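Only one structure is covered here, and it is reproduced in the block below.
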Amino acid sequence: MLIALSIIGGFIILTFGAEALVRGASAVALRLGIAPLIIGLTIVAFGTSAPELAVSVKSALAGNPGIALGNVVGSNIVNIGLILAITALIRPITVQSQMVKRDIPIMIAASVLVWFLLLDGDVSFIDGAILFSLLLGYLGFSYISSKNNPEELDIDATPQKPLLSVLLIAVGIAMLVGGGILFVDGAVDLAKQFGISEVIIGLTIVAIGTSMPELVTSVMAALKGQSDIAIGNVVGSNIFNVLGILGATALIHPVSAAGFNEIDFIAMLIFAIMVLPFAWSGLRIGRREGGVLLAGYLGYTSYLVMQVV
């Protein structure tokens, strides 16, 4: 009963948190003259990735590296194969050329980098420092790029008081973190009752649970016609998961790849690469592309289930 309440309560909190974050972030973008795409790639993406950060650091400190790394790899797969797919199925996503030329390739490069760093068996302190430094560089470059491209701004949004916008973002992120952790704790407890392995839990239950903020936020943004925030949230979250979360976790405690199958990293890379041609074609990710991504995710999940059985 308590597990069910944890899962349901977490989802409800996530829903309200996502609504507050999207509203606040959109208003901040307008007032500061920053493109909504950049807000989606940064504030919204990092805010919705907060549960992944909390769970990964907590897992690493508790001596559960399988959950920490599985959370990052699994969340990146979920973000594209499930979240981007569902968002596109609900409403086709318009993609800016900047996303195709810069941000999606960076997401792919980050996926390749983490695979390369894990060739020696773990992500060390030095590896973590490299990843986190790259994140800071990406943030700085994104901000400068946004200020140099004022034509990307959304002038149709309704401005609101700065304090209210910041408050909405803060409350939204807090609810996403709290709701995400509540959802994950309930899901992990449920999985452990069935004797599911740590790595599988990280790749599936924890990954989906910590990605719930991205799902709810992207769907909310798509329904409000904020395509930039919707896709920016997914791509930005994937970049942040690798460079920020894995980097920060490794700075606190080395992250081991023990127990991981190479197929999991290949799946993460394939999903990242698939986004590029889909987005490039007509600068639009439609329902057909969403269906292909969802089918791929269901296929990958079926593979994981077979490993458990």
Do we have any residue at all in region 116-127 that's open to solvent by less than 40 Å² (accessible area, probe 1.4 Å) and among the acidic types (Asp, Glu)? yes
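Output the residues belonging to region 115-126 that are over 18 Å from ASP264 (Cβ atoms) and in a helix (DSSP H, G or I). Give the steps one after another, and end with the answer.
To start, the set of residues in region 115-126 that are over 18 Å from ASP264 (Cβ atoms) comprises 124-126.
The answer is PHE125, ILE126.
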Matching option when the condition is modelled with pLDDT under 85 and farther than 30 Å from GLY140 by Cα, among VAL219, VAL305: VAL305
For region 66-94, enumerate the residues that are crowded, with 24+ Cβ neighbours inside 10 Å and over 12 Å from the mean Cα position of the chain (by Cα). ILE67, ALA68, LEU69, GLY70, ALA85, THR87, ALA88, ILE93
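Of all residues in region 124-155, how many are hydrophobic (A, V, I, L, M, F, W, C) and modelled with pLDDT of 90 or more?
Looking only at that region, the number is 9.
Return the residues of region 99-115 that are open to solvent by less than 10 Å² (accessible area, probe 1.4 Å) and over 21 Å from ILE144 (Cα atoms); say none if nothing qualifies.
Across region 99-115, the qualifying residues are SER111, VAL114.
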Check whether at least one residue in region 52-70 is modelled with pLDDT of 75 or more and closer than 24 Å to SER302 by Cα, and report yes or no. yes
Please go through region 250-309 and give me each residue that is farther than 23 Å from ILE205 by Cα, open to solvent by 70 Å² or more (accessible area, probe 1.4 Å) and not in a helix (DSSP H, G or I), ordered by number. ARG284
Inter-residue pairs, beta-carbon under 6 Å, first part of a helix (DSSP H, G or I) and in region 28-57, second of a type in the set (Phe, Trp, Tyr) and modelled with pLDDT of 70 or more, 6+ apart: ALA45/PHE240; PHE46/PHE240
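The values are calculated or read from the model by the stated rules, or taken from the named source; none is laboratory data. Note that the structure is a prediction, hence the values are computed from the model and not measured. Glycine gets a Cβ as well: all are built from the backbone with ideal geometry, and neighbour counts include every protein chain shown. The protein model used for the area step is the full one, side chains on, heavy atoms only, and it has no ligands, DNA or RNA in it. Shrake-Rupley method; radii C 1.70, N 1.55, O 1.52, S 1.80 Å.
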